1. Taking only protein heavy atoms and a 1.4 Å probe, what accessible area per residue, in Å², does region 61-168 have with all protein chains in place?
2. Using a probe radius of 1.4 Å on heavy atoms only, what accessible surface per residue do you get for region 169-226? Whole Å² is fine.
3. In what order, largest first, do 149, 208, 195, 120 sit by accessible area if the probe radius is 1.4 Å?
4. How far apart, in nanometres, would the label points at residue 176 and residue 119 be if each is projected 7 angstrom from Cα along the Cα-to-Cβ direction?
5. Enter the accessible area of residue 124 (Å², nearest 10), with the probe set to 1.4 Å and all protein chains included.
6. Of the heavy-atom accessible surface of region 85-211 (probe 1.4 angstrom), what whole percent is carbon and sulfur?
7. What nm distance separates the two modelled labels at residue 161 and residue 89, each placed 7 Å from Cα along Cα→Cβ?
8. Which GluC sites (Glu not before Pro) in region 122-209 pass both tests, a DSSP loop state and at most 16 other beta-carbon atoms within 10 Å?
Amino acid sequence: MRATGFIKLTVAVSACLLVFYVISQVFEFSMESPFGSLFARNAIETFISTKPPKHKCGISKACAEMHFAFKMASGAANVVGPKVCIEDNIVMSGVKNNVGRGVNIVLVDGRTADVLDTKYFDLWGGDVAPFIDYVKAIKDGTVVFMATYDDGATKLNDEARNLIADLGSTAIKNLAFRDNWVFVGGKGIKAESPYEQHIKNNKDTNKYEGWPEVLEMEGCIPKKQE
């Protein structure tokens, strides 16, 4: 029993010495210094206790007051659908079963950040008319999130593209077959949106066979004042 206890004590002491040695090399101080052991102990405690803060939707920084957080991703080829997070809530994803081929849309109240609707339109094999009617019916003050999945451009005509441009998009004019695109705009903003990414379908640079890489975007949207 005593031998077992002695062995355990020896292992524990050896482990502690090894940790102190590594820290002494990293922080370049002598373990013989009267402050050595104290500094090492504080360094270990700081390393263990310090964790990066978690912000809503996992974005890189907290949003200011009267702003709401978002993070979104386009679809991956024709396998994984888009994903949209609003204020730490996943509101659109394959898991929620509310995504589909074409353009995927989330409508958010610009004053409250409440989700008003989610919908997708097949703009490869479907009809563009329902999409046009839907965008026309969006009310002023609504924040509009759009993301492509598989192909969101084939059936887009000039009327549809102009309606999206009116929401603040500048890339929609050039959106083509199997391009990836994510966009956040607003009905009635009358300005170019700072939240838009577009990557071309190019066989020489595509990450997936026939499709470009996934696009991800995050940010903080100012709430509309009354």
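1. On the way: 4720 Å² over 108 residues.
For region 61-168, the per-residue accessible area is 44 Å².
2. Values: 3490 Å² over 58 residues.
That works out to 60 Å² for each residue.
3. Descending accessible area places them as 120, 208, 195, 149.
4. Each label point lies 7 Å from its Cα, and together they span 3.0 nm.
5. Roll a 1.4 Å probe over it and residue 124 shows about 120 Å².
6. Numbers: 2860 of 6160 Å².
Carbon with sulfur: 46 percent of the solvent-accessible area.
7. Simple spin-label model gives 3.6 nm for this pair.
8. Working: sites: 159, 192, 196, 209; in loops: 192, 209.
Here the GluC sites (Glu not before Pro) that fit, given the DSSP loop and packing criteria, are 192, 209.
The values are calculated or read from the model by the stated rules, or taken from the named source; none is laboratory data. Just so we're clear, the structure is a prediction, and the values are computed from it rather than from any experiment. Neighbour counts run over all protein chains shown; Cβ positions are idealised from the backbone, glycine included. Note: areas computed on protein heavy atoms with side chains; ligands, DNA, RNA excluded. Shrake-Rupley method; radii C 1.70, N 1.55, O 1.52, S 1.80 Å.
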